[in-house]
Amino acid sequence: MQSISGGATHSKSKIFERLKQTCMIGDNTIELDTLMDRFCFKLVWKHSDALSNCSELFPTSEVLLNMTIPIKHDNNDMNNKILNTRTTIEQSSIQNDKEISESMSLINELSAQYILMFLKQLLNIISFNNSDIHLTRSKLISIILPSHYNLFDALMDFLQNQGYIDKSVVNNQTDDQQWKFLDERFNDVSLITEHTINMFVAKLLKQFPGFRSIVSLVTLSGSNLFPVLTGKQDVKQLLLGSENDAMLKDFYSLISKTNVRLPFMALVQHMNNQISEQRNYNNSKKKWVLRVLEVGAGNGETTIEILKILLDFANSTDTRIEYTFTDISVSLFDNTQQVFAKLIKENNKKLLNINYQMFDLEQNSLHPSSTNNPQQTLNPELFDIIFAANVVHETSNIVLSIAHLRQLLAPGGFILLVETSPLSCLDLVFGLFP
């Protein structure tokens, strides 16, 4: 802007001061101040403490595993125990493996018997009277929901591994798979009834009381295979209903009480000590943030054990927790949000934030082009702790899956993978989810 008065001089006024105070939007006239208030962003400065990543406080893995942790059982200090992380986890694993090896062959047999009862229901027969009978896939799946075809094939493979059936030669004209009972097991098949199964369940519960949750889950799922796979029973109501919720909690506690809780408790104890030392001796006023990623979180039963530990840590040290809860499907998110809401309301000082996100471990989240869902994209080196329980072994390429996790880990962070001995009978339970 310039004026001509005895020579060209630049106006001292700013350009916005020379603009008209109104402008036109369509056929309407509006004041410029009103326009900016309604449609323009305003820059607002607020005070925010700088946050340091908790990974700066982490010990080495060797130090973590050799830490001792006080476990309180009640208010009487005489009853408290001091546990070594490494020793306790190793002893727990040995004990679990021993019990699993002793019980699993019988639990697998129970699963096979439920599958055989399911086949009778599909064929609408009371018993298998002829060992020469051929089980034809097209006939068996004719009333099964398409979403359960893969589970049906897995159940037939399970029966074959248990030595009950074998694949027949596929009819080249129809390309329809057939199975035939093995002669040496047919007598066993003909004797299986609902009554004999109930007697077998009672025997297992008496012999292996520590695996009551697994036996109960197999019993619940096995006895409902027909209504679930044919669409007459909703699997969420079956397994996630209030009456059966306790069984799922007991099952997840088999791995969470020791193999999950102890490493988190040891890590939190170490961070607590580090923060206290900095504040007491160095007069540090640092604010901290801990970023956690859980992969394959499912219904969140293991997550609850972790959240309880992290909430205590957050409230005692004023540390902010960013917890990213992920699963390959969003079908269980509504239920887990309700479960977590009560826990957070009772214990949280607005320091814990849970983000729910769909994430497929087999996809490279750093490259959106490798996934069909942009919501699966996560930023590199974002998380201080990455945790997955009984997830990685299910992927088609374990090395590649771990590499994907490593890309998401912040420098100095930890990846905690918990894997129990493979329990093929649990396909009967969790395979019911489409």
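Observations, loosely collected:
- Linear extension gain, Ala50 paired with Leu205, 0.36 nm per residue minus alpha-carbon span: 50.3 nm
- Extension gain, Gln337 to Lys350: 0.36 nm times the residue separation minus the Cα-Cα distance gives 3.1 nm.
- Virtual spin-label span in nm between Asp312 and Gln233, 7 Å along Cα→Cβ: 3.9 nm
- Globularity index of the range 270-312 is 1.57 (Cα radius of gyration / 2.2 N^0.38 Å, N = number of residues).
- Annotation: per residue accessible area for the range 296-341 equals 35 Å², rounded to a whole number [probe 1.4 Å, protein chains only].
- Multiplying the residue separation of Ile398 and Arg279 by 0.36 nm and removing their Cα-Cα distance gives an extension gain of 38.6 nm.
- Protection proxy ranking of 320-330, 296-306, 404-414, 181-191, by the mean of other Cβ atoms within 10 Å over each peptide's residues and highest first, is 296-306, 320-330, 404-414, 181-191.
- Distance between the modelled labels on Ser190 and Asn130, one decimal in nanometres: 1.4 nm (7 Å Cα→Cβ projection).
The values are calculated or read from the model by the stated rules, or taken from the named source; none is laboratory data. On a predicted model such as this, the values are computed, not experimentally measured, just so you know. Backbone-built Cβ (ideal geometry, glycine too); neighbour counts: all protein chains shown. Please note that ligands, DNA and RNA were not included when accessible areas were found on the heavy atoms of the full protein model with its side chains. Shrake-Rupley method; radii C 1.70, N 1.55, O 1.52, S 1.80 Å.
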